[in-house]
Structure formats: C-alpha cells, structure tokens
Amino acid sequence: MKHNLDMDPLLRQALSPKEEPNDQLNRNILWKAKETEEMNKKYFKRIPATAIIAAAVLLVGSVSTVAAWRYLTPEKVAEVLEDEGLIKAFQSKDAILVNESQEYGNYKITLLGVVSGKNLTQYLSADETGNLREDRTYVVTAIENADGTPRPAISEESYLEESFFVSPLIEGLDPNRYNSVTMNGGYSETVQNGVQYRITEVDNVEIFADRPLYLSVNSGTFYDSQAYQFDAASGKITRNEEYEGINALFALPLDASKADPDAAGAYIQKLEKELFSEDEEGDADVSDGADDGSSVLERHNWTEEELEKNAVLLEDLTQVLQPDAQGNYSYSYEIGEDGVGSSGTLSLDVLFEDGQTGMSDHKFVIGGEEGQAAYIETYTLNEDKTITLKVYQCKDAA
C-alpha cells in the first residue's frame with residue numbers, strides 16, 4: 001500500500017476552522033442533494049434518500065451491545081428487500097456484523113452490520129454522466145420504538161410522519177461537507193415485525209479506514225447541525241448531549257488494512273472541487289447549451305426581476321407548503337404529460353438565513369439539456385412560516 005504524502009495538507013485544508021460555508025458552497029450542496037435525489041428516484045428500486053445538509057457530530061449516550069441477535073440479520077434484511085447481490089455480500093467474509101444498540105428519547109437504534117465493495121448489488125445508481133457507481137459501502141440499521149410498540153408499516157400514513165437521517169462520517173472531515181448527501185447516498189427500507197430496517201449506501205468509505213469512522217443517525221430528514229459537534233483541531237466528531245432528538249453515533253468498524261490514502265486524497269479533492277469550484281472551468285461544466293448562452297449556474301443566480309424577464313411563471317404549479325411535525329416542507333409536482341417534475345423535502349436552515357423572509361437565494365434548475373425546456377424552482381418564506389414554491393419556464397427554451 002502506498003503512503004500518500006499529500007494527504008495531510010489536504011486534511012488540514014479541509015479542517016480549516018476559518019473557512020465558513022459560503023453562499024456558493026450552500027448552492028453547490030443544494031444542487032448535489034437534488035441531483036442525488038433525482039438519481040435515487042430514477043435508479044433505486046425503493047425509497048429514495050431526500051437530504052440536504054447542515055453541520056457537525058458524538059459525546060456519549062446510552063449504549064448497549066445486544067447479547068443475543070434478536071433482529072433480522074443484514075443478509076435477511078437484504079433478502080426482504082429482494083437484493084440478491086447484497087444477500088451474498090452480507091454472507092461473505094468481508095461483511096462486518098456489529099449488533100450494537102443506542103437509545104435516545106423514544107427510540108432505540110441498532111447498527112447491525114456493514115459491507116463495502118464493488119458491484120455488490122444489481123440496483124446500482126448512476127452519476128450525472130450516466131456512469132454506474134460501482135464501489136459502495138452498505139450499512140444496515142434497525143430503528144424501533146423504545147417502549148416496544150411497533151413502528152408503523154410502510155403502507156400506513158403515519159410511516160411518513162417520522163423521519164431519520166443515517167450517514168457514515170469520517171474523522172478529520174467536516175460532516176457538514178462529507179455525509180450521505182455529498183457522498184452520493186441513498187437507502188432502501190422495510191418494516192418487519194414492528195422494526196424499521198434500513199440499508200444505507202454511500203461511496204465506499206473503506207478508503208478512510210485507517211482513521212476512526214462513525215455512523216450517525218439523527219431525527220429529521222436532514223443532517224442536523226445541532227445534533228453533533230465537530231472539533232476542527234482534532235477532527236473528532238461527538239454527540240451533542242443537550243440535543244433533544246435522536247443523535248446516535250456508532251463507531252463504524254471497517255478493516256483498516258483496506259484503507260487507501262491515495263484514493264482518499266483523490267476523493268477529497270474531487271468533492272472539494274464539486275462543492276467549492278467557482279472558476280470559469282466550473283462554470284463551463286454546468287453550461288446547459290441554452291440558446292441565449294445562459295448556464296445552469298447563471299439561472300441559479302437570477303434575481304426575481306431576472307426571473308420575470310427571462311422566464312414565465314407556471315401559475316398552476318404554485319404551492320404554499322406547510323411545515324410537518326419536524327419542521328420540514330414536502331412537495332411534489334409534474335409539468336405537463338412529459339413526466340418532468342420534482343419532489344422532495346425542504347429545510348428552513350438550508351434555504352434561509354435566520355430571520356430572513358422573501359425569496360431564497362437557492363433555486364433548483366430542471367432540464368435544459370440538449371435543447372430541452374428548462375424550469376426553475378424558487379422558494380419564498382412567508383411571515384407565517386409557510387413556504388411558497390413557484391416554478392418558472394425559461395423563455396429561451398419555451
């Protein structure tokens with residue numbers, strides 16, 4: 001195994017405490033989250049991961065290791081989800097079985113097992129260029145009510161009332177930048193005998209196995225910046241003990257012999273470029289070939305006045321969104337009969353500054369490739385804490 005002398009400078013840069021997330025970073029993260037969501041809807045057989053980002057994760061909590069295996073094994077979870085590839089992967093010598101539980105609030109979370117490798121499932125997702133994501137890490141968790149009552153079945157309406165965000169985290173890397181969203185994550189889920197089982201997948205994090213790795217599980221649809229703490233000086237990630245929701249944090253025991261510092265350094269560079277690139281080359285990469293020469297990046301930056309000038313409001317798609325019990329805003333719509341549309345969950349923390357009302361600087365651009373119609377999704381926070389979602393069609397592609 002090669003020793004990468006360039007790894008430490010990269011980590012120091014990634015850990016720099018003076019580098020606060022700026023508007024461009026937030027936009028890039030939001031776009032990447034949306035791209036991940038669309039990818040999941042297109043390629044995943046089951047429930048997509050809808051997540052955006054916030055920041056930081058571990059202190060100590062109620063932790064117990066279960067003596068007897070009372071849950072479905074990881075391979076059985078894969079069997080229920082009809083994933084023949086993962087059944088074999090969790091039966092292999094590379095699979096790591098954990099079966100450790102943590103209990104916070106009204107929930108008990110159990111880390112059941114993890115496996116990493118190439119082409120472990122037949123349900124491979126694809127990146128924005130159409131290339132399959134072959135090298136992945138799969139983590140199986142169980143979520144149950146602490147009082148022993150059953151979790152709602154997926155077919156029940158109440159199933160959607162409570163949400164959880166599950167993500168591997170890497171010591172030394174700010175969880176605000178490196179979590180399931182930026183690492184191209186998704187998940188499949190089932191409820192069996194009152195226990196909610198999830199298989200979370202992300203890019204293969206075994207390349208970082210020469211340092212501590214974690215698995216975080218927090219309440220809500222998004223990575224919660226209040227649930228965890230990140231020490232930029234030491235790189236350690238800890239729980240926020242004062243957090244009132246779920247903020248479980250497990251050690252993720254991957255095989256240190258499979259660490260690849262060279263690949264880890266390249267991966268950091270790739271994600272940093274994706275999240276922070278603002279140069280002309282980056283702008284060219286997001287060009288959508290529109291007739292007026294406008295790029296996806298420019299459309300993301302259009303003001304309300306520019307929207308009125310360059311796009312047409314599709315009034316029948318305007319929605320006023322109400323927050324759910326967790327403070328999140330869900331929406332869904334389709335445009336015409338072409339199957340073009342969007343759905344997901346929005347977060348005030350990501351879209352708006354504290355105390356801000358009016359239209360968010362964040363926008364989502366749909367379509368626009370190879371002469372296709374381009375649409376822009378905007379979000380306006382009202383005084384009553386509702387969000388008005390509007391969809392515009394760009395005139396150059398109308």
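Tabulated data
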| read-out | value |
| --- | --- |
| Cα centroid of segment 107-166 to Cα centroid of segment 241-275, whole Å | 17 Å |
| Residues listed by number, segment 187-222, amide nitrogen under 19 Å from GLU82 label point at 7 Å toward C-beta | 187-193, 197-200 |
| Cα gyration tensor shape for segment 202-281, rounded if a/c is under 1.5, else prolate or oblate | oblate |
| Cα gyration tensor category, rounded, prolate or oblate, for segment 68-109 with a/c compared to 1.5 | prolate |
| Contour excess over end-to-end distance, with Cα ends at ALA256 and TYR159 and 0.36 nm allotted per residue | 31.2 nm |
| Fully extended contour minus Cα-Cα distance, from SER343 to GLU244, at 0.36 nm per residue | 32.8 nm |
| Contour excess over end-to-end distance, with Cα ends at GLN356 and ALA126 and 0.36 nm allotted per residue | 79.2 nm |
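Values quoted throughout were computed directly from the atomic coordinates according to the rules given, and no laboratory measurement underlies them. Bear in mind that the values here come from a model prediction, so they are computed numbers and not experimental data. Cβ: placed from backbone, ideal geometry, glycine included. Neighbour counts: every protein chain shown.
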